[in-house]
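Each reported figure results from applying straightforward, stated rules to the coordinates on display, with no laboratory input. Please read all numbers here as calculations on a predicted model, not as lab measurements. Cβ atoms come from the backbone with ideal geometry, glycine included; neighbour counts cover every protein chain shown.
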Amino acid sequence: MPVGLFSICLFLSFGAVYPQSADLPPPSTKEGSTESLSPKPQEPLPSTSPKTESGDPKPDPKKKPEENKYASSWKGDIPIDYLRTLLVSPEQMKDTQKSNLFWLDNLKIGFSVRPRYESREHSNFSKRMDDYSSFVGQNTQLWFLLDPSPYFAIKVTIQDTRLWGGSQGAQNAGNWSYALTTGSGTTLTPGTTTNTNLRNPTDIREAFITLKKSDKLPVSVMIGRQVFAFGDLKMVGPLNWLNTGFSFDGIRFVHDSKWFRSHVFGTILSNQYDAPYGLTTSNGKAKGSIDEAYFMGMYNTIKGNGLFDLDLYTFDISKKWIANPNPPIDMNDNRSKQRDDLITAGFRLTNRTNSNTLPAGKIWDWTIESAWQTGYTGDRVKADWDILNIQAPSGKNFYTQRVQYDTRFLSIDTGVKILDNVRLGGGYTFASGDPNRSDAKVGTWQTLFPQVAGSFPNWNVMNGQSLLVGFANIRTYSARLNIKTENYGTLIFTIYDTYKATPQDAWYKVSGVPNTGASTENYSDNKFTVDNGRLGKHLMYQYDFTWIYNYSEYVSIWSGFSLARAEDAIRNARNNPYAANPLDRNSFTPNSKFFYLMVSVSM
């Protein structure tokens, strides 16, 4: 890890806002409450004994041990940072925070079960591809929150993620009875000597210690495996919509005051080295993965006295260089890639200051977020200024230059409450594309981590619940209607009109991976080619319907349907008279459908 940048992190503290809908109640139990990781003040004690900065009474050495017993102030009001792994409605989140179920003294035991059926049809808009899929995935969590002291707390989440029917198999040849298996271990690929490590679906999602802000420590410190949730989750979030979700191994410093909230963190994304006594890593080039990689940064919130919140953030993803085993003789280069450093800096300005919802009495909400990316990919290409294309005897370019990131992102979201339970909203999202992917500039916005679902239940303010389009090379206009009924749940209708920001660039998935060949593109911006003449800008229209129903205080039912209709950027690629395979010259089908049904239980 770059020592200098991480050392700065040790002396700074920066923060996050829990994202929630602008239309529904915040997850906090009190209006205007903040997301402090320090203990909430308890009711005044009859005595006048001295207290810590957090409001908890200091132990009195003259009293017996049982008289100094600490009582957790989180019982009935769990801080939201300890519930980041849950995919629940805002009402459920509030009930989970307030629940007194399964509190054993200062230990809270929590449960979450979330099965979801999904089906998808024609996601590539090709009638020749058999791309229909349907499955049931399930996420199950058992978590423990121990708050035994005014100075520290512990959170552990055990998570099991599995595909229904995906971890069953015949016990032996000729015996077709099924046995439940973990699906973990090592398999040998038939006909090869290649071993494949299979991950156990049951794992530790969270395991961290919180050193609380107190008279002994000026900030809170979270150490271990933990979940991040910043802003509207467009940059970094828990990705709870996936059955596996995200976690980070590292350390975070948190400060929260009346005017300022801040987080500073450093994490290890990938470690290439094994530890003694069987503690091994699955990463590294020898195991088919990347070497060392780190994620670090800071997220600050300046509080504008209830009028606005201004978030300022900087993130850095740093990957170790990859050695070149066969360096070219004609160039003094013993690496195929230098260190890959992607630096993202941006801001977010919003008037949703009550735990990311509107304060009471206001009807118009707005949020503006913009970010930029710089740094170097580690690759080297022919120098842009070398118009003579001077080459060495080996045929390689003699003059090269480093490839640099140069991208932009903008998101604008606004809405008006027509009635207390009805909101009309609109949005615009821009993520830059790259007209020439072979030169020394990377112009395509780089997705830090896949973000497919944002602020719930308005999670489809991202780029559609169909998950067909990610945040790269897009320009999307959206309009939506939210209706919260008393007896039938919340209904969300959304329309998206999505274009490519740059026609020459690819259509990108939510993971940031290009959907190569599925739309018109021109990799090197060759202006006088047939491909360039067929470039399309319009990707698709999407029509989303989402229904969220709170069945009880701990149970919600979710369902959604999406219809996407492809436009010229996809149609021209599928109906291509110049395709090498004649069967691919007229393979376009205009519509793609997506449906899901989910039950979420949390207590």
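Residue separation of Ser524 and Lys285 scaled by 0.36 nm, minus their Cα-Cα distance, works out to 83.1 nm of gained length.
Quick one: net charge of Ser270's neighbours, Cβ under 9 Å, K/R +1, D/E -1? After counting each charged neighbour, the total is 0.
Computed about its Cα centre, the charge dipole of region 333-405 is approximately 120 debye, with only Lys, Arg, Asp and Glu carrying charge at their Cβ. Derived scalar couplings between HN and Hα for region 428-443 equal 9, 10, 10, 9, 5, x, 10, x, 9, 7, 9, 9, 8, 10, 9, x Hz in order, rounded to whole Hz, by the Karplus curve 6.51 cos²θ - 1.76 cosθ + 1.60 (θ = phi - 60°), x for Gly and Pro. If R0 is 35 Å, the Cβ-Cβ spacing of Leu217 and Leu312 corresponds to a FRET efficiency of close to 0.90. Label-to-label distance, Ser257 versus Ser511, with points set 7 angstrom from Cα along the beta-carbon direction: 4.4 nm.
For Thr202 and Leu104, the FRET efficiency from 1/(1 + (r/R0)^6), where r spans their Cβ atoms and R0 equals 22 Å, is about 0.40. Counting other Cβ atoms within 10 Å, which trypsin sites (Lys or Arg not before Pro) in region 258-307 have at most 12 and lie in a DSSP loop? Taking region 258-307 and a limit of 12 other Cβ atoms within 10 Å, the loop trypsin sites (Lys or Arg not before Pro) found are Lys258. Amide hydrogen proximity for Ile290: with H placed 1.01 Å from N in the peptide plane, the residues at 5 or more positions away or on another chain lying under 5 Å are Gly284.
Between Tyr277 and Arg402, the modelled label-to-label distance comes to 4.1 nm, taking each label 7 Å out from Cα in the direction of the beta carbon. Projected label points at Leu388 and Val136, each 7 Å from Cα along the beta carbon direction, are separated by 7.0 nanometres. Packing here is the average count of other Cβ atoms within 10 Å per residue, and on that basis the peptides 85-93, 406-414, 236-244, 528-536, highest first, run 85-93, 236-244, 406-414, 528-536. On the basis of the beta-carbon distance and an R0 of 35 Å, Ile483 and Asn305 show a calculated FRET efficiency of 0.65.
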